[in-house]
Amino acid sequence: MKTDDPHTRFIPPRRWTSHSRYLLLGLAVVSAALFLSGLSIRVLWGSEGRWAVVVREMISSGNYFLPTINGEIYFDKPLLSYWLIAPFALAGGMSEGAARMPSALAGIGCVLLIFTMGRRLFGERAGLVSAGFLLTTVMFIFWSRTASAEILNVLSVWLMLWAFITGGIDGQLKKLIFLYALAATSAFLKGPVAPAVGFSAIGFYSLVRCVTDLRTGRPSRETVKKAFFSHFKWVASGPGLLSIGVAFLVFAALFLMPVMATGSWQSAELMWRENVLRFVKPFDHVEPPYAYLKHTLVFFAPWSLILLGSLWAARTWPANWAHRWTLLMGLAIFLFFTASGSRRSYYILPLVPALALIAGKALSDWLAKPGAGGGRSLKVAIHLTATLPGLAGIALVSSYFIRDLPHHPVQILLGVISIAGSIIANMLLLRGSRQSGALLVFSLVFVLEVWGFTGGMAAMEEMRSFRSFCREAVVQLQGVEDGKIALLPGGDSSLVFYLDRGPLKTLADPREAALFWREHPDGVVIAESSSLERLSADPAFRNTVATLVQTKGPREKNGNRLAIFRLRPQ
C-alpha cells in the first residue's frame, strides 16, 4: 500500500444530497424486487422448518418463551429470531414467506447500509458499486431469502461497525450506547457470535492504530498510555463504560426472561455450548483451517474474479485510514472465523459486505481512471465476468430442450438476451465505455437472478415431490385423530410444518411402529426412506401394511422419500 497520503484522521461525514437520497431509494426498490419476490415459491428446506414450526407453535400456545417443535422443547437457537417472524405470521398467517421475511428485510437493510458506508468512506460512486456487488452476490441473495438468523447476524455486525465509524471511534455517547445495546440484543439472534465478530474487528482495528502510532517514535509508558486511550475510547472512556453498563442491563433482561418464564436454564446452557464451546472445542462442523479461502470465493460469486483483481489493486491504495479500516475489517472477520475450530461455509457471510466494499472501491476507481492501480488485472477480471451472463444464457437455452429438466417459456428469451447482452457489454468495455459496460453486466446479472429466484425456482419446484406429498397427505389424514398418527423416525421440522397437526407421536424404529399399530390398529405411520428400506425388507410388513401416499421422486432434502402406511384390513 502506498504512503503518499499520510493523514491519520478518520474520514469525516459527507453531506447527503437529493441525488444520494434518490440513489438510496432506488436501491431499496431494486433490493425489494429481488429479495421479496416469490418468497413462498420454494418449499421449506433444511433448518427452515424449525423457524416456521417454532413460531407457529409459539402462537398456538401463546407462550413465546418456550420454543417447541412437534410439542417437544427445542432450545437450539435463542428466541429473538423467532420473535421477529411472529408479527408477519400473525398478520398474514404462518407461511414460507412469513418465515423468510425478517431475513429478506435484513438483506435489504445490509444493501442500504453498505451504500451508506461506502459513500462515507470513498464517495457516492464507490458506495453505489459496493451496494451493487452485495445486492447481486448469489449466496447473499440465497441466504436473504432463507428463514434463519444468518443475515440478521450480518446486519447486526455491520450496524455495529457503522456505529463505530460514525462516532463510536471518537467516544460519542449516543453512538456507543447504540453499538453496545445492539451487540447485547444481537446475541439473542444466533448467540454471541455477532457481538464477538463486531468487537473483534473493532478491537483489531484499534490495536493496529495503536501500533502505528507507537512506530513513529520511541515507545514509553506515556506514549503507550496515550495511544491506548486515544484509540480505545469505545471501551476505555466514560461514555464507553456507561454504554457497557447499558449493554449489560439489556443482555441480562433478554438472558433472564426465558429462564424466569420457563424455570429452565436450557437457553443459558445453549448460549455456552453453541458459541463458547463450539469456538474453542468444536464438536461438529469441523473443516480444515484453509476452508474459508474456498468458501470466500464461492460466497462472492459471480464477482469472485473481480474480487481477486480488487485485492491486487488494493496494494496501491493511499495509506489513509478509510482504506485501512476497510481492509482491516475484512482481514479481522476472516481471521475470526478461521480461528474457530467449528467451520461451515455460511458462517463466513459477515465477511461478504467487507468484500463488497473492497471490490466497490477498486472498481469505482477503475471506472473513473483507466490507469488506476491494478487496472490490468481488473480489466481482465471484468471482461471474464462479463462473459458469465452469456454462458448462463447458453445454459438456459440448452436446458430448455432437455426433457428431464424443468422448462419455462421465458428462459429462451432470457437466454438470448443474456448472450447478446454479454457480447455488447464486452464490446463496450473494449471501446472504453467502461461505465456503460459495467452497468450492463450488473443489469444482466440482476435480471438473471430475479428470474432464477422466481420463475426458475418455480420450475424447479415442479420436479420436487415433497410439497405435493404433504398436500395429498393432508387430504388422506382428514378425519384421523392426531393421536393415531406417528412419525418414523421422528420426521423433520418441514414435514411437521406442512402436515399442520397437533403434536404427533414419534417412533424410533420399525419395532416401535409395530407396537404403535397394536395400540392403534386404524392408525397411520409416516416414514422416511431409511425406514422404508428396513420396513420393506420384512415380508410380514409387506403383507400387513398398505401404502396410502408415497412420493413419486426424490425429496428436496438429501433425496429422501416419504410414504404413509396403514394396516391392511384383516
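Okay, helix-only estimate at 222 nm for the chain: each DSSP H run of n ≥ 4 adds -39500 (n - 2.57), divide by all residues, round to 500 deg cm²/dmol; what do you get? Let's see the in-between values first.
On the way: 25 runs with 357 residues, N = 570.
-20500 deg cm²/dmol, from helical runs alone.
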Expressed as a fraction of 2.2 N^0.38 Å, the rule-of-thumb size for a compact globular protein of N residues, what is the C-alpha radius of gyration of region 1-133? 1.44
Please report the spacing between the Cα centers of region 418-460 and region 340-357 in Å, no decimals. 26
Give me the percent of the accessible area of region 331-460 that comes from carbon and sulfur atoms, probe 1.4 Å, all protein chains in place. 70
Measure nothing fancy, just the Cα-based angle from helix 80-92's long axis to the longest principal axis of the chain, in degrees from 0 to 90, nearest 10. 60
Net charge (Lys, Arg +1; Asp, Glu -1) of residues whose beta-carbon lies under 13 Å from that of Pro288, Pro288 excluded, is +2
Region 34-60 and region 150-226: distance between their alpha carbon centers, rounded to Å: 33
Can you give me the three principal axis dimensions of region 467-517 from its C-alpha atoms, in Å, biggest first? 28, 22, 17
Calculate the FRET efficiency for Ala252 and Ser61 from the Cβ-Cβ distance with a Förster distance of 25 Å, rounded to the nearest 0.05. 0.45
Quick shape check on region 339-429: root eigenvalues a ≥ b ≥ c of the Cα gyration tensor, a/c under 1.5 is rounded, otherwise prolate if a/b tops b/c, else oblate, and it reads oblate
What figure in square angstrom, to the nearest 10, would you give for the accessible area of Trp83 with a 1.4 Å probe? 60
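Given Cα pairs under 8 Å that are at least 6 residues apart, what percent is the relative contact order of region 87-228? Before the final figure, lay out the partial values.
Working: 138 pairs, mean separation 25.6, N = 142.
Rounded, it is 18 percent for region 87-228.
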Cut-off under 5 Å, modelled amide H: who pairs with Val549 long-range: Ile564
Given R₀ = 25 Å, what would the calculated FRET efficiency be for Asp500 paired with Ile402, taking r from the Cβ atoms and rounding to 0.05? 0.10
Given H placed on each backbone N at 1.01 Å, which residues far from Ile41 in sequence or on other chains put an amide H within less than 5 Å of it? none
Mind listing the phi-derived Karplus ³J(HN,Hα) values for region 206-215, rounded to whole Hz, using 6.51, -1.76 and 1.60 with θ = phi - 60°, and x for any glycine or proline? 4, 5, 4, 5, 4, 4, 4, 5, 6, 6
Give the accessible surface of region 59-196 per residue, rounded to a whole number of Å², with probe radius 1.4 Å and ligands, DNA and RNA excluded. 28
Work out Dmax and Rg for the chain from the C-alpha atoms and quote the Rg first, both in angstrom. 26.7, 94
Using only the Cα atoms of region 58-106, construct the convex hull and provide its projected area averaged over every direction, in square nanometres to one decimal. 3.5
Which whole-Hz ³J(HN,Hα) couplings does region 34-48 yield from phi under the Karplus relation 6.51 cos²θ - 1.76 cosθ + 1.60, θ = phi - 60°, glycine and proline marked x? 8, 8, 9, 6, x, 5, 9, 5, 7, 5, 4, 9, x, 7, 4
Enumerate the amide H contacts of Glu287 below 5 Å, restricted to partners 5 or more residues apart or on another chain; note that Pro and chain-start residues carry no placed amide H. Arg343
Residue by residue, what Karplus-based ³J(HN,Hα) values in Hz, rounded to whole numbers, does region 289-297 have, using 6.51, -1.76 and 1.60 with θ = phi - 60° and x for Gly and Pro? x, 8, 4, 6, 4, 6, 4, 4, 5
Tell me, what does the Kirkwood hydrodynamic radius of region 381-500 come to in angstroms if you use every pair of distinct C-alpha atoms? 17.4
Accessible-area composition of region 202-267, carbon plus sulfur, in percent [1.4 Å probe]: 70
Kindly flag which residue pairs out of Lys190/Lys361; Lys226/Lys294; Lys174/Lys294; Lys175/Lys225; Lys233/Lys294; Lys77/Lys361 have an alpha-carbon separation exceeding 29 Å in this structure. Lys190/Lys361; Lys226/Lys294; Lys174/Lys294; Lys233/Lys294; Lys77/Lys361
Just to confirm a number: summing +1 for Lys and Arg and -1 for Asp and Glu over residues other than Leu254 whose beta-carbon lies under 14 angstrom from that of Leu254, what do you get? +2
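The values are calculated or read from the model by the stated rules, or taken from the named source; none is laboratory data. Note that the structure is a prediction, hence the values are computed from the model and not measured. Note that we place each Cβ from the backbone using ideal geometry, even for glycine, and neighbour counts take in every protein chain shown. Ligands, DNA and RNA are excluded from the accessible area calculation, which covers all protein heavy atoms including side chains. Shrake-Rupley method; radii C 1.70, N 1.55, O 1.52, S 1.80 Å.
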